[in-house]
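Below is one structure, written out as structure tokens; comments come after it.
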């Protein structure tokens, strides 16, 4: 299980990526002056870019299906977010505040995954490989 989080404290963001199986983790701090802090994103897409611009968008591994959230990981707090009024799973922000975006493929950047709607408990969703 891989865990990623972004926290904000006193003008500084901290991103942490953890391997729950091995206990290893990596953190990076950064300041972003004027950050609106009005959204959170869960992204399943191909990595980009290397230090060599000619590499462009790298291929996304054929992952078959990836599950994001408590229903797949069994971990409480998975797929949670917080703002000034709400701290909880994605679904606790209400349908009017949740927007699912699906990348449309093109000749130079094909669509590589398709994601589901939130599960009924509002904690999880899945994405499937779409070559």
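Read-outs throughout are calculated quantities, based only on the coordinates presented, and are distinct from any laboratory measurement. Note that this is a predicted model, so its numbers are computed, not measured. Don't worry about glycine lacking a Cβ; one is built from the backbone with ideal geometry, like all the others, and counts go over all protein chains shown.
Some points to look at:
- Inverse of mean 1/r across different Cα pairs in the chain, Kirkwood, Å: 16.8
- The Rg/Rh ratio for region 59-131 is 1.04, where Rg is the radius of gyration of the alpha carbons and Rh is the Kirkwood radius.
- Residue order for 106, 5, fewest other beta carbons within 10 angstrom first, comes to 106, 5.
- Segments 112-125, 71-84, 24-37 sorted - mean Cβ within 10 Å per residue, highest first: 112-125, 71-84, 24-37
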